[in-house]
Every structure is written in structure tokens, then in C-alpha cells.
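The values are calculated or read from the model by the stated rules, or taken from the named source; none is laboratory data. In this text, all values refer to a predicted model and were calculated from it rather than measured experimentally. A quick note on method: Cβ atoms are made from the backbone with ideal geometry, for glycine too, and the neighbour counts reach across all protein chains shown.
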Amino acid sequence: MTQRVVPLLAAAWCVVSPLTTAGCARQRPVATTPAADSSAAREPVTLRVTNSNWSDVRIYLTRGATWVRLGLVTTNSTVEFTVPVEFVTSSGSVTLVADPVAGRRPWTTSLPAVMPGDEFELVVESFLQYSHLVVR
């Protein structure tokens, strides 16, 4: 009896096995949400600085004790900077600092929530306290 069952089981296995593996292979991948998409995190965040002040201005970003110098904007010029990825992807308050080379006090403001692809424009005015940040 077992001699008859073994060939039948082997034949049944040969028929059923390809069907089960084919069924498993046709599963669709899980859809990713836009928030989990890493390509969005790679989009640059742009900061455009227009300096109308009489002094050259150094531009910094700060978060906690971390200071990152973006660069220098000379008088009556406009420069575009790219915000570093760690300031885009990590949580915590980020402060923008415009420090005049020949001034006594820097101008500071907190950045709103930074999202990949955002553009910010800082206008440094002749009177530093009238400087302003625009989010686009």
C-alpha cells in the first residue's frame, strides 16, 4: 500500500508545488507613503540672502549648540545658499543668524518648519532690526 501512495504523493507534489510558488511570487510590493520616500528628503532647501546693509553679513544656522556658517554676503548683493540636510531632516528649533562684519549685534529669527523643496528669502535691511524672512 505504501508503495502505491508514495508515487501518488510525489506526483501530487510536482503538480501543487509550482502553483504555490507561483502564487507567492505574484504578491505585489507594499506601496510606500510620500513621507517614507527618501527622495523627498534629498530635495534641497534654498536660502536666498539679499544684503542691503552697509556692512558685509555672515550667515549662520544654529540648532542647540551647533552653528553652521553658510557664507558671507557682501554689501548690495544676493547669494543663494543650500540648507544642510541635517537641518531639514532633524527635529528641533533652527535659528537663522545674520551677523554684520562691522556690527555690534546680529539679527536672528527662528526658521519655520523646514520641508524639502522650501525656499526662504532673507532681506538684510540698512537698519538691521527691519530685516525680514520670506517663505516661498
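For this structure, a couple of remarks:
- Residues of segment 56-78 include at least one that is surrounded by 14 or more Cβ atoms within 10 Å (Cβ to Cβ), in contact with a Leu (Cβ under 7 Å, 6 or more places away or on another chain), of a type outside the set (A, V, I, L, M, F, W, C) and not in a strand (DSSP E or B).
- Failed condition for N76, given (1) at pLDDT below 95; (2) at positive phi: (1)
- Number of positions in segment 79-118 that are in a loop (DSSP other than H, G, I, E, B) and hydrophobic (A, V, I, L, M, F, W, C): 7
- Counting only residues that are without any contact (Cβ under 8 Å) to a residue 12 or more places away in the chain and within 25 Å of the chain's Cα centre (by Cα), segment 116-135 holds 1 of them.
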